[in-house]
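Note sheet for the following structure.
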Amino acid sequence: MEATAGTRPAPRRPRALLVGLVLAALAAALSPPGAAHQLKEALTTVEVNERTGLVEVIHRFWLHDAEHALGSLGGLTGDLRREAPLREAFARYVARQFVLADAERRPLDVQLLGAELEGSFIWVYQEMDAARFEDIAWIGHGSMQEVWSDQLNQVNVKRPSGTRSLYLHAGDGLVAMPPPLPPTS
């Protein structure tokens, strides 16, 4: 197709598409194995369940990250979707890495309930007596941070006055819990 005066030829989309596909394939080939799936972040929620009278601690991890971490930490390999002992091992690992502590940094008694899978996530459940909820002054969450130094563990503590969030990085240890939000008028 020839251009007439004052017009430009139509762009050559097939060539641009081909170049884009080649660059994407090259980037994928040069990436470390599994890097595309490792998001290196976890979300934990701590809140009182008024119905049960317990503090629920719910951890959510990307399934793919959890499988890689198990392999790196304890040489455990397999499919978390199919192997209950691996899920249990991961839940025990998370329970050892997560700490709620009082003002003197003494760990509070948080019990492991178990783990389950849903979609692309593994969920780990813990609980403690709601009478100790206001005693939480320090939080530690080192899960998977010895595997990936850039692992980010977000902990949301939900109170009636609002949610306070902590973002824990490798090496943080115990982090002071922010005070409750002031009541709104």
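In this structure, is E127 of a type outside the set (V, I, T) and in a helix (DSSP H, G or I)? Break it down stepwise before answering.
Working: of a type outside the set (V, I, T): yes; in a helix (DSSP H, G or I): no.
Here the answer is no, as E127 does not meet what is asked.
Evaluate the following for L80: is it part of a loop (DSSP other than H, G, I, E, B), modelled with pLDDT of 80 or more, closer than 19 Å to L113 by Cβ and touching a strand residue (DSSP E or B) at 6+ places or on another chain (Cβ under 8 Å)? Even if it seems obvious, please write down each step before you answer.
Details: part of a loop (DSSP other than H, G, I, E, B): yes; modelled with pLDDT of 80 or more: yes; closer than 19 Å to L113 by Cβ: yes; touching a strand residue (DSSP E or B) at 6+ places or on another chain (Cβ under 8 Å): yes.
Yes: the conditions hold for L80.
Could we say that A115 is under 13 Å from T44 (Cβ atoms) and surrounded by 14 or more Cβ atoms within 10 Å (Cβ to Cβ) here? Before the answer, list the steps.
Values: under 13 Å from T44 (Cβ atoms): no; surrounded by 14 or more Cβ atoms within 10 Å (Cβ to Cβ): yes.
For A115, the condition - under 13 Å from T44 (Cβ atoms) and surrounded by 14 or more Cβ atoms within 10 Å (Cβ to Cβ) - is not met.
May I ask you to list the residues in the stretch 153-164 that are open to solvent by less than 50 Å² (accessible area, probe 1.4 Å), at pLDDT below 95 and within 22 Å of E104 (Cα to Cα)?
Hit for the stretch 153-164 is R159, nothing else.
Mind checking which residues of the stretch 132-169 are part of a loop (DSSP other than H, G, I, E, B) and over 13 Å from the mean Cα position of the chain (by Cα)? It would help to see each step written out before you state the result.
Taking the stretch 132-169 first, the residues part of a loop (DSSP other than H, G, I, E, B) are 136-137, 142-151, 160-161, 169.
Scanning the stretch 132-169 gives I136, A137, E146, V147, S149, P160, S161.
Which one is least open to solvent (accessible area, probe 1.4 Å), of the residues in the stretch 95-112 that are charged (D, E, K, R) and part of a loop (DSSP other than H, G, I, E, B)? If you could, list the steps in order and put the result at the bottom.
Step one: filter the stretch 95-112 for residues charged (D, E, K, R), giving 96, 102, 104-106, 109.
So of that shortlist, the ones also part of a loop (DSSP other than H, G, I, E, B) come out as 102, 104-106, 109.
Values: D102: 13, E104: 117, R105: 124, R106: 134, D109: 108 Å².
So, considering only residues that are charged (D, E, K, R) and part of a loop (DSSP other than H, G, I, E, B), the one least open to solvent (accessible area, probe 1.4 Å) is D102.
Within the group L86, L73, which residue is in contact (Cβ under 8 Å) with a residue 60 or more places away in the chain and assigned to a helix (DSSP H, G or I)?
Values: L86 fails: in contact (Cβ under 8 Å) with a residue 60 or more places away in the chain.
Within the list L86, L73, the selection yields L73.
A176 - would you say it is in contact (Cβ under 8 Å) with a residue 24 or more places away in the chain and out of contact with any His (no Cβ under 8 Å at 6 or more places or on another chain)?
Details: in contact (Cβ under 8 Å) with a residue 24 or more places away in the chain: yes; out of contact with any His (no Cβ under 8 Å at 6 or more places or on another chain): yes.
Here the answer is yes, as A176 does meet what is asked.
The values are calculated or read from the model by the stated rules, or taken from the named source; none is laboratory data. Model, not experiment: these values are computed from the prediction. Note that we place each Cβ from the backbone using ideal geometry, even for glycine, and neighbour counts take in every protein chain shown. Side chains are part of the model used for accessible areas, which takes the heavy atoms of the whole protein and leaves out ligands, DNA and RNA. Shrake-Rupley method; radii C 1.70, N 1.55, O 1.52, S 1.80 Å.
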